1. Here's a check for you: in the range 134-161, which residue that is farther than 12 Å from V64 by Cα, hydrophobic (A, V, I, L, M, F, W, C) and surrounded by 10 or more Cβ atoms within 10 Å (Cβ to Cβ) is nearest to the chain's Cα centre (by Cα)?
2. Report the residue count in the range 178-230 for those that are at pLDDT 85 or above and assigned to a loop (DSSP other than H, G, I, E, B).
3. Within the range 173-189, is there a residue that is touching a residue at least 40 places away in the same chain (Cβ under 8 Å) and either closer than 30 Å to Y39 by Cα or of a type in the set (S, T, N, Q) (or both)?
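The values are calculated or read from the model by the stated rules, or taken from the named source; none is laboratory data. Remember, it's a predicted structure, so these values are computed and weren't measured experimentally. No Cβ is skipped: glycine too gets one built from the backbone with ideal geometry, and neighbour counts run over all protein chains shown.
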Amino acid sequence: MQPGYPGPMPGADPSLPHVLTPEQVCAGKRPPGPRVVVYDADGYYVAPGVAELLAADGYEVTVVTTFAVLSPVSDQTLEGDMLRAHLHRAGVGSLTRPRSPRSSRAPVTAAATAAEWAVAGHDRHGEPWSAGCDGVVLVTQQASDDALYRELAGDPEALAAAGIAAVYRIGDAVAPRLLSEAVFDGHRLAREIDSPDPATPLPYRPRAHRTRLGVSCPRRGGRPAEPTVTSGRGCSRWAVSLKPRTIHRGPRSPPGGRWIRCPR
(Lines give C-alpha, C1' and ligand atoms only; values in the text may rest on other atoms or scores of the structure.)
Protein backbone atom coordinates (compact mmCIF):
# COMPACT_ATOMS: atom_id res chain seq x y z
CA MET A 1 0.00 0.00 0.00
CA GLN A 2 1.07 3.56 -0.57
CA PRO A 3 0.70 6.42 1.92
CA GLY A 4 -2.84 7.70 1.44
CA TYR A 5 -4.04 4.44 -0.15
CA PRO A 6 -5.37 2.27 2.71
CA GLY A 7 -6.95 -0.35 0.48
CA PRO A 8 -5.58 -3.89 0.25
CA MET A 9 -3.02 -4.83 -2.41
CA PRO A 10 -4.38 -7.43 -4.85
CA GLY A 11 -2.47 -10.69 -4.53
CA ALA A 12 -0.83 -9.73 -1.22
CA ASP A 13 -1.36 -12.73 1.02
CA PRO A 14 1.52 -13.51 3.43
CA SER A 15 0.30 -17.08 3.75
CA LEU A 16 1.49 -17.69 0.17
CA PRO A 17 5.07 -18.91 -0.30
CA HIS A 18 6.08 -16.01 -2.54
CA VAL A 19 4.62 -13.20 -0.35
CA LEU A 20 6.51 -12.25 2.80
CA THR A 21 6.39 -9.71 5.59
CA PRO A 22 9.51 -8.30 7.30
CA GLU A 23 8.67 -10.30 10.42
CA GLN A 24 8.54 -13.51 8.38
CA VAL A 25 11.90 -12.75 6.76
CA CYS A 26 13.49 -12.15 10.18
CA ALA A 27 11.95 -15.42 11.39
CA GLY A 28 13.62 -17.33 8.55
CA LYS A 29 11.03 -17.51 5.74
CA ARG A 30 12.62 -17.12 2.31
CA PRO A 31 11.21 -16.65 -1.23
CA PRO A 32 11.01 -19.75 -3.43
CA GLY A 33 13.35 -18.25 -6.06
CA PRO A 34 16.41 -15.96 -6.37
CA ARG A 35 14.68 -12.73 -7.45
CA VAL A 36 13.04 -10.65 -4.72
CA VAL A 37 11.18 -7.33 -4.74
CA VAL A 38 10.99 -5.44 -1.44
CA TYR A 39 8.00 -3.10 -1.71
CA ASP A 40 8.49 -0.13 0.63
CA ALA A 41 5.76 2.28 1.73
CA ASP A 42 7.47 2.97 5.07
CA GLY A 43 10.41 5.13 4.02
CA TYR A 44 12.85 4.30 6.79
CA TYR A 45 15.18 1.46 7.76
CA VAL A 46 12.97 -1.65 7.53
CA ALA A 47 13.05 -2.09 3.75
CA PRO A 48 16.81 -1.38 3.43
CA GLY A 49 17.50 -3.77 6.31
CA VAL A 50 15.43 -6.56 4.80
CA ALA A 51 16.98 -5.94 1.37
CA GLU A 52 20.52 -6.10 2.78
CA LEU A 53 19.70 -9.30 4.69
CA LEU A 54 18.33 -11.04 1.59
CA ALA A 55 21.18 -9.77 -0.60
CA ALA A 56 23.68 -11.22 1.90
CA ASP A 57 21.85 -14.56 1.55
CA GLY A 58 22.48 -14.49 -2.19
CA TYR A 59 19.17 -13.16 -3.49
CA GLU A 60 18.84 -10.65 -6.34
CA VAL A 61 17.00 -7.82 -4.56
CA THR A 62 15.22 -4.72 -5.88
CA VAL A 63 13.57 -2.21 -3.54
CA VAL A 64 10.44 -0.61 -5.01
CA THR A 65 9.53 2.46 -2.97
CA THR A 66 6.67 4.94 -3.15
CA PHE A 67 9.00 7.82 -2.28
CA ALA A 68 11.27 10.02 -4.41
CA VAL A 69 14.36 8.34 -2.93
CA LEU A 70 15.04 5.17 -1.03
CA SER A 71 14.63 5.64 2.74
CA PRO A 72 13.95 9.42 2.79
CA VAL A 73 13.49 9.43 6.58
CA SER A 74 17.16 8.47 6.87
CA ASP A 75 18.05 11.87 5.40
CA GLN A 76 16.67 13.48 8.56
CA THR A 77 19.25 11.58 10.61
CA LEU A 78 22.07 12.25 8.09
CA GLU A 79 22.21 8.56 7.18
CA GLY A 80 20.47 8.62 3.79
CA ASP A 81 23.44 9.02 1.43
CA MET A 82 25.56 6.48 3.31
CA LEU A 83 22.67 4.00 3.46
CA ARG A 84 21.92 4.23 -0.26
CA ALA A 85 25.62 3.94 -1.15
CA HIS A 86 25.92 0.89 1.11
CA LEU A 87 22.94 -0.82 -0.54
CA HIS A 88 24.39 -0.05 -3.97
CA ARG A 89 27.66 -1.73 -3.00
CA ALA A 90 25.65 -4.68 -1.68
CA GLY A 91 24.06 -5.07 -5.11
CA VAL A 92 20.56 -3.93 -4.14
CA GLY A 93 18.66 -2.13 -6.91
CA SER A 94 15.87 0.42 -6.46
CA LEU A 95 12.83 1.80 -8.25
CA THR A 96 11.24 4.99 -6.90
CA ARG A 97 7.74 6.45 -6.99
CA PRO A 98 5.66 3.70 -8.62
CA ARG A 99 1.95 4.39 -8.74
CA SER A 100 -1.35 2.62 -9.22
CA PRO A 101 -1.99 0.63 -12.40
CA ARG A 102 -5.75 0.74 -11.81
CA SER A 103 -7.66 2.47 -9.05
CA SER A 104 -6.41 4.42 -6.04
CA ARG A 105 -7.34 1.48 -3.87
CA ALA A 106 -4.88 -0.82 -5.66
CA PRO A 107 -1.57 1.04 -5.97
CA VAL A 108 0.49 -2.05 -6.78
CA THR A 109 -0.40 -5.61 -7.70
CA ALA A 110 1.42 -8.86 -7.02
CA ALA A 111 0.14 -10.95 -9.91
CA ALA A 112 1.04 -14.16 -11.69
CA THR A 113 1.58 -14.39 -15.43
CA ALA A 114 2.03 -17.55 -17.48
CA ALA A 115 5.79 -17.46 -16.92
CA GLU A 116 6.50 -15.74 -13.64
CA TRP A 117 5.34 -13.63 -10.74
CA ALA A 118 5.63 -9.86 -11.02
CA VAL A 119 5.00 -6.66 -9.10
CA ALA A 120 3.48 -4.09 -11.43
CA GLY A 121 2.25 -0.50 -11.41
CA HIS A 122 2.61 2.92 -13.04
CA ASP A 123 5.36 5.46 -12.42
CA ARG A 124 4.82 9.15 -11.63
CA HIS A 125 4.59 9.93 -15.36
CA GLY A 126 1.87 7.37 -15.93
CA GLU A 127 4.12 4.87 -17.64
CA PRO A 128 3.60 1.21 -16.75
CA TRP A 129 6.35 -0.72 -15.01
CA SER A 130 6.77 -4.31 -14.00
CA ALA A 131 9.36 -6.08 -11.90
CA GLY A 132 9.54 -9.81 -12.42
CA CYS A 133 10.29 -11.69 -9.23
CA ASP A 134 10.07 -14.97 -7.41
CA GLY A 135 8.95 -13.34 -4.17
CA VAL A 136 7.87 -10.00 -2.72
CA VAL A 137 8.42 -8.59 0.76
CA LEU A 138 5.74 -6.08 1.78
CA VAL A 139 6.98 -3.24 3.99
CA THR A 140 3.59 -1.56 4.20
CA GLN A 141 1.00 -0.22 6.61
CA GLN A 142 0.46 -2.25 9.77
CA ALA A 143 -2.29 -2.53 12.34
CA SER A 144 -2.00 -2.14 16.10
CA ASP A 145 -2.14 -5.18 18.35
CA ASP A 146 -3.90 -4.03 21.52
CA ALA A 147 -5.17 -7.47 22.58
CA LEU A 148 -3.30 -7.34 25.90
CA TYR A 149 -4.76 -3.92 26.73
CA ARG A 150 -8.28 -5.03 25.93
CA GLU A 151 -7.82 -8.21 27.95
CA LEU A 152 -6.64 -6.27 31.01
CA ALA A 153 -9.11 -3.40 30.68
CA GLY A 154 -11.95 -5.86 30.16
CA ASP A 155 -11.57 -7.31 33.67
CA PRO A 156 -11.90 -4.37 36.10
CA GLU A 157 -12.55 -6.70 39.06
CA ALA A 158 -9.17 -8.39 38.59
CA LEU A 159 -7.49 -5.00 38.29
CA ALA A 160 -9.10 -3.79 41.49
CA ALA A 161 -8.11 -6.98 43.32
CA ALA A 162 -4.50 -6.45 42.21
CA GLY A 163 -4.57 -2.82 43.34
CA ILE A 164 -4.28 -1.46 39.79
CA ALA A 165 -6.19 1.79 39.41
CA ALA A 166 -5.99 2.13 35.63
CA VAL A 167 -4.44 0.69 32.46
CA TYR A 168 -3.23 2.94 29.65
CA ARG A 169 -2.16 2.26 26.07
CA ILE A 170 1.07 3.67 24.63
CA GLY A 171 3.22 3.18 21.56
CA ASP A 172 2.18 0.71 18.90
CA ALA A 173 -0.81 -0.40 20.96
CA VAL A 174 -2.34 2.98 20.04
CA ALA A 175 -1.10 3.20 16.45
CA PRO A 176 1.94 1.91 14.54
CA ARG A 177 4.81 4.35 15.00
CA LEU A 178 8.57 4.77 15.24
CA LEU A 179 10.47 3.38 18.21
CA SER A 180 11.42 6.89 19.32
CA GLU A 181 7.76 7.92 19.35
CA ALA A 182 6.83 4.87 21.43
CA VAL A 183 9.58 5.73 23.92
CA PHE A 184 8.30 9.30 24.12
CA ASP A 185 4.79 7.96 24.74
CA GLY A 186 5.98 6.02 27.78
CA HIS A 187 8.09 8.90 29.06
CA ARG A 188 5.21 11.35 28.71
CA LEU A 189 2.77 9.06 30.50
CA ALA A 190 5.20 8.48 33.38
CA ARG A 191 5.69 12.22 33.88
CA GLU A 192 1.97 12.92 33.78
CA ILE A 193 0.67 9.84 35.60
CA ASP A 194 -0.64 11.98 38.48
CA SER A 195 -2.52 14.38 36.20
CA PRO A 196 -6.35 14.32 36.17
CA ASP A 197 -6.37 12.41 32.86
CA PRO A 198 -3.00 10.73 32.13
CA ALA A 199 -4.30 9.31 28.85
CA THR A 200 -4.58 12.85 27.44
CA PRO A 201 -1.26 14.70 27.05
CA LEU A 202 -1.06 18.00 28.88
CA PRO A 203 -0.55 21.14 26.77
CA TYR A 204 3.06 21.88 25.93
CA ARG A 205 4.51 24.42 28.35
CA PRO A 206 7.97 25.74 27.41
CA ARG A 207 10.32 26.18 30.35
CA ALA A 208 10.85 29.86 31.16
CA HIS A 209 14.32 31.16 30.31
CA ARG A 210 15.56 33.36 33.15
CA THR A 211 18.37 35.86 33.54
CA ARG A 212 20.88 35.81 36.36
CA LEU A 213 18.61 38.22 38.22
CA GLY A 214 15.86 35.60 38.22
CA VAL A 215 13.70 37.50 35.72
CA SER A 216 12.10 35.68 32.79
CA CYS A 217 13.20 36.61 29.30
CA PRO A 218 10.09 37.80 27.41
CA ARG A 219 11.39 36.36 24.14
CA ARG A 220 11.46 32.83 25.60
CA GLY A 221 7.98 32.55 26.95
CA GLY A 222 8.49 34.25 30.32
CA ARG A 223 7.22 37.56 31.66
CA PRO A 224 9.32 40.14 33.46
CA ALA A 225 8.70 40.06 37.19
CA GLU A 226 10.68 43.20 38.00
CA PRO A 227 12.31 46.10 36.14
CA THR A 228 15.16 44.69 34.05
CA VAL A 229 16.35 44.27 30.49
CA THR A 230 17.47 41.12 28.70
CA SER A 231 19.44 40.74 25.52
CA GLY A 232 21.82 38.23 24.00
CA ARG A 233 22.06 35.28 21.66
CA GLY A 234 18.65 34.13 20.50
CA CYS A 235 16.85 37.07 22.17
CA SER A 236 15.90 40.46 20.77
CA ARG A 237 16.86 43.52 22.79
CA TRP A 238 14.21 44.25 25.38
CA ALA A 239 14.12 46.99 27.98
CA VAL A 240 11.90 47.48 31.00
CA SER A 241 11.43 51.01 32.25
CA LEU A 242 11.60 51.53 36.02
CA LYS A 243 8.78 54.08 35.91
CA PRO A 244 6.35 53.00 34.65
CA ARG A 245 6.98 49.26 34.26
CA THR A 246 6.58 49.05 30.50
CA ILE A 247 8.46 46.75 28.14
CA HIS A 248 10.28 48.62 25.37
CA ARG A 249 11.97 47.06 22.37
CA GLY A 250 14.74 48.74 20.40
CA PRO A 251 18.41 49.68 20.36
CA ARG A 252 18.04 52.34 23.05
CA SER A 253 17.07 51.98 26.68
CA PRO A 254 13.98 53.87 27.83
CA PRO A 255 14.29 56.59 30.45
CA GLY A 256 15.13 55.00 33.78
CA GLY A 257 15.90 51.63 32.21
CA ARG A 258 19.17 49.74 31.77
CA TRP A 259 20.54 46.87 29.70
CA ILE A 260 21.48 43.54 31.27
CA ARG A 261 23.03 40.85 29.08
CA CYS A 262 21.06 37.63 28.87
CA PRO A 263 23.31 34.65 29.76
CA ARG A 264 21.85 32.62 26.85
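1. Here the answer is L148.
2. Number satisfying all stated conditions: 12.
3. So far as the range 173-189 goes, yes, one or more of its residues are touching a residue at least 40 places away in the same chain (Cβ under 8 Å) and either closer than 30 Å to Y39 by Cα or of a type in the set (S, T, N, Q) (or both).
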